[in-house]
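Novice: This is the structure I have questions about; it appears just below.
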Amino acid sequence: MRELPYLRGAVSALALSLAMASGAHAQADDGWDVSGFVENATFLRNHVGLTKARNTAQLEFTREFGAKGLFSSFSISGVLRGTYDAVYDLNENDFGKKAGGPVSLTGIGVPAGSLGPGSPAIPPHFTPFGQSIVTAGTPGLPPGNAFGFDTNANPNQGLVILGSAFHPQGTGVVLAVPVRPCNIDPRGCISGYLDFSLDELRFPEFNKRADFLRELYMDATIPVGGDGQELGIRLGRQQVVWGRTDLFRVLDIINPVDFSRNNIYDELEDIRIPRWALNTELRLGAQGPFSDLNFAFVWNFDHFRPNNLGQGGTPNSILDAGSFFRAMKLCWDLGCSVGNFAGGGVTTDFGPHQIGIRRANVPKWALNKTDVHLKMEGVVHDIGFSLNYGSFISQLPSLRGGIPAQNSFTGGPEQVWPYLIAFDIDFPRIHLYGGSADLYIDPVKTAVRLEAAYTTGEEFANTLQPRLFSKSDVLRYVIGLDRPTFIPFLNRRQAFLFSAQLFGQHILDHQLADTPGSLAGIPGFGKAGIPDWKDNWIATLLVRGQYHNGQLNPQVITAYDFRAQAAAIAPSLEWLINDHWKLNVGANFKVGTGARTFDDCRSCNPFPPFTATPLHANPFQPGSVGLSGFEPLGRFRQGPIGTAIAEDEIQMTLRYRF
């Protein structure tokens, strides 16, 4: 019964869109300009099948009212969007009510003495979830230990192995993640953050935030001088686009992004999450050496919205982070089985409140929780430029350790244990200082786009720190080149557009250190610290052509992550059938290196001396000795492309615009 209100809302909104579309011409006579589209997007993924059957109706409307009192111009604009993604009904075995199933977790085994003096050797094993080798009642554990969990409350069903789409269980830590919608199986769902019900997945705009109201704002201008100078005001729910680049954001950070729609590959215009804001721009025109000069101020006064990363059980989850969060939340709430944990090779049943994610501290509305952005923009000597500043709450989550948890070996009251993999999710405040420029180099017929941003306050996972995170300033930059180029053997009449971009990121306070295991050269051991690369670059190239006066438009987009050594290749063909119908057929392939390993903190010794290893010089001293695996931190080394290495897709989108 919970599904019905959302379903009624979806149907009502779609009906409203179609009704307004049918009356568009009549309304236009009264001053309203109404347009929109209906669209079906169908994606098929290798080894999975259907991953998207998204049906969208969008209505766009605007009306110019001309001069009104104080305003020299005044208008109202809006966008309504409703979506129904049928993949959760048509492929419910992978993404719906029946997703997942029972799982078993691997243990590579350990030699005698690995679990303490006199402990026996444990051979390789494969145990069902909830039936690990180390659990309540295991011989040799201290009296009063708190291992094990209630399998009636946390059964072995509706689960998949975390990361199984892009790596085997291997020798590293193994986690199970629930994958059914949160109203079907609430395990691992994080209240107020990643807790989408089946209806919220199928009808993503019909939620508590009323996201079907994609945009609704008023535009007004106030004359402020005698030379055409004016103050522009836009107030309402809107997208604010600052920046000159595509795909990866440097300065275009005002709106959060919904990565669950299609990872990083959708147009930003479609995946930005509009927010209520005041956007003002003082347009001064020519001033001194500037042929144009403007000052902009944006106050984002909406409730905080993080990026939507996708959750466990959705077809798209950037870095598979949503799945990892859900697996860890399950561990905290109900306990969980973890493969290859004790001694680095024995499956272990942890009890509740011992490891995992306790909660997400999503900021509630307060004046000091709102965002402020400033920009000076102009043109001097034919060079467009901007200087930017932003103070905002991070749209990306940070895992902060150092929360009270229970000692698995001794039980008893919860307390803080250094280096324990028990976290809260937080969203720190970021300060951004940046700028951009664009210019045209006539001798080579090339437009150049430049952006750079320096941020303070960002937080990164760090296995060298007792709370397993640290802050760092970050420098990001991008160089873009756009050039129309004739390729005679492909098209003698029309040029192809070549657009290349190079994105760079430098973490200034990066920490990475050798560990006893890496110094000893022991297989499976590596360095500890921040898993993100200190320096990394991603290059993109778009090539787009035109045939038959722009009716057929082939293009290919490629992206290459240098440190992850992974690439995405997305060819497509757009056919403008007539003034109303458009068909786009494409694909998205990934090649290169996939899963990477990094220190996973199994050897961090959070419960000394019980969790000490032979490599710990002092069994009572916590800290990692470098045991590494694919999960959970390897995802930061393989990046969004490497994490999606197995997600090859063919894609078809049919749109009717009215």
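Every number in this text was worked out from the coordinates using simple rules, so none of it is lab data. Note that the structure is a prediction, hence the values are computed from the model and not measured. For neighbour counting, all protein chains shown are included, and Cβ atoms are generated from backbone atoms with ideal geometry for every residue, glycine included.
Novice: Apply the Kirkwood formula to segment 375-525: the hydrodynamic radius equals the inverse of the mean of 1/r over all pairs of different alpha-carbon atoms; give it in Å with one decimal.
Specialist: For segment 375-525, the Kirkwood estimate is 20.0 Å.
Novice: Among all the aspartates and glutamates, which ones have a C-alpha under 13 Å from residue 98's C-alpha, if same-chain residues fewer than 8 places away are not counted?
Specialist: 89, 185
Novice: Shifting gears a bit: Can you compute log10 of I(q)/I(0) for segment 424-477 with the Debye formula, treating each Cα as one identical point scatterer, at q = 0.26, 0.28, 0.29 Å⁻¹?
Specialist: -1.00, -1.06, -1.08
Novice: List the extent of the Cα atoms of segment 157-232 along each of their three principal axes, largest first, rounded to whole Å.
Specialist: The Cα atoms of segment 157-232 stretch 72, 30, 19 Å along their principal axes.
Novice: What is segment 541-658 by shape, rounded, prolate or oblate, if you read a ≥ b ≥ c off the alpha carbon gyration tensor as root eigenvalues and call it rounded for a/c under 1.5, prolate for a/b larger than b/c, and oblate otherwise?
Specialist: Prolate shape, in that a/c is at least 1.5 and a/b is the bigger ratio.
Novice: Could you work out the per residue convex hull volume over the alpha carbons of segment 472-595, in cubic angstrom?
Specialist: Output value, Cα hull per residue: 151 Å³.
Novice: Further question: Convert each backbone phi in segment 31-44 into a coupling constant with the Karplus relation 6.51 cos²θ - 1.76 cosθ + 1.60 (shift: θ = phi - 60°), then list the ³J(HN,Hα) values in order as whole Hz, x for Gly and Pro.
Specialist: x, 8, 9, 10, 8, x, 7, 10, 8, 10, 10, 10, 10, 10
Novice: Compare the peptides 634-646, 350-362 by average per-residue count of other Cβ atoms within 10 angstrom and give them in order, highest first.
Specialist: 634-646, 350-362
Novice: Can you tell me the mean projection area, over all orientations, of the convex hull of the chain's alpha carbons? Units nm², please.
Specialist: 32.5
Novice: Could you go through segment 267-280 in sequence order and give the Karplus-derived ³J(HN,Hα) for each residue, using 6.51 cos²θ - 1.76 cosθ + 1.60 with θ = phi - 60°, rounded to whole Hz, and x for Gly and Pro?
Specialist: 3J(HN,Hα) across segment 267-280, in whole Hz: 4, 4, 4, 8, 10, 5, 9, x, 9, 6, 7, 10, 10, 10.
Novice: Among the lysines, select those whose C-alpha is under 17 Å from the C-alpha of residue 534, and discard any that sit fewer than 8 residues away in the same chain.
Specialist: Filter leaves 471.
Novice: Whole angstrom only: what separates the Cα centroid of segment 286-361 from the Cα centroid of segment 186-256?
Specialist: 20
Novice: Peptides 225-234, 248-257: what's the order by average Cβ count within 10 Å, highest mean first?
Specialist: 248-257, 225-234
Novice: Continuing with this model, one more query. Taking H as built 1.01 Å from N, whose amide H comes closer than 5 Å to the amide H of residue 258, not counting residues under 5 places away?
Specialist: HN-HN under 5 Å from residue 258: 272, 273, 308.
Novice: With θ taken as phi - 60° and the coefficients 6.51, -1.76 and 1.60, list the Karplus ³J(HN,Hα) couplings across segment 368-383 in order, rounded to whole Hz; mark glycine and proline as x.
Specialist: Computed from phi, the couplings for segment 368-383 are 7, 9, 8, 10, 10, 9, 10, 8, 10, 9, x, 9, 9, 6, 6, 10 Hz.
Novice: Which whole number in µm²/s is D for segment 99-180 by Stokes-Einstein, with the Kirkwood Rh taken over Cα pairs at 25 °C and 0.890 mPa s?
Specialist: It comes out at roughly 172 µm²/s.
Novice: Below 8 Å, C-alpha to C-alpha, sequence gap of six or more: please give me the relative contact order for the chain in percent.
Specialist: Taking the mean separation of contacting Cα pairs over the length of the chain, I get 12 percent.
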